[in-house]
Amino acid sequence: GAWSYPQSCDGGHRLVSFRLRVQPPRGLWDDTAANDLDVACSGGNILEGRGGPAGSWGNWSVPCPQGWGVCGLRTLLEPPQARGDDTGLNSLQLFCCP
C-alpha cells in the first residue's frame, strides 16, 4: 500500500467518531478486511479516507461526549496465517478523553 496525505480537524476541534469500510470473508477468494476509514470532527467536518472500494461501510461509532475527543485507539489484527489468506486490520476501537 501507500500512505495517504495527513488530514486533521480544523483548529480547536477534535476527532470524535469514525466508520470503517470492511469486506467480509470471501471464502476461497482473497480477503481484504478493513479497506477505508472516515472520521468525524467535533465541528462537524468529515475527513474521508482514501482507501479501497471493497466492502461495506459500517455504522458510525457512538461519538465522544461533548467536550471530549479521541485520545487513543486499539486495533484488531489477524495474526499471520501460515497457509491461509492474511487480512491484516479487521476492526478498530477509539477511546475518548476530556
- line: The Cα radius of gyration of region 32-88, divided by 2.2 N^0.38 Å with N its residue count, comes to 1.44
query: Using θ = phi - 60° and the Karplus form 6.51 cos²θ - 1.76 cosθ + 1.60, what ³J(HN,Hα) does each residue of region 49-65 get, whole Hz, x for Gly and Pro?
result: x, 10, x, x, x, 6, x, 10, 6, x, 6, 5, 5, 4, x, 4, x
- prompt: Hey, if you drop one equal point scatterer on each alpha-carbon of the chain and run the Debye formula without solvent, what base-10 log of I(q)/I(0) do you get at q = 0.12, 0.13 Å⁻¹?
  reply: -0.44, -0.51
- request: Send over a whole-number figure in Å² for the accessible area per residue of the chain, probe 1.4 Å.
  value: 71
task: Starting from the Cα of residue 93, step 7 Å along the direction of its Cβ; do the same at residue 4; then give the gap between the two resulting points in nm.
output: 2.4
task: Add +1 for every Lys or Arg and -1 for every Asp or Glu among the other residues with Cβ under 13 Å from the Cβ of residue 45, and state the total.
output: -2
- line: Per DSSP, the loop-located trypsin sites (Lys or Arg not before Pro) within region 4-53 having at most 14 other beta carbons within 10 Å are 26, 50
statement: For the chain the chymotrypsin sites (Phe, Trp or Tyr not before Pro) that pass both the DSSP coil test and the at-most-12 other-Cβ-within-10 Å test are 3, 29
statement: With a 1.4 angstrom probe the carbon and sulfur portion of accessible area for the chain, in percent, totals 56
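The values are calculated or read from the model by the stated rules, or taken from the named source; none is laboratory data. Everything quoted here is computed from the prediction, not taken from an experiment. Cβ coordinates were reconstructed from backbone atoms using ideal geometry, including for glycine residues, and neighbour counts include every protein chain displayed. Areas reflect the complete protein model, heavy atoms only, side chains present, ligands, DNA and RNA absent. Shrake-Rupley method; radii C 1.70, N 1.55, O 1.52, S 1.80 Å.
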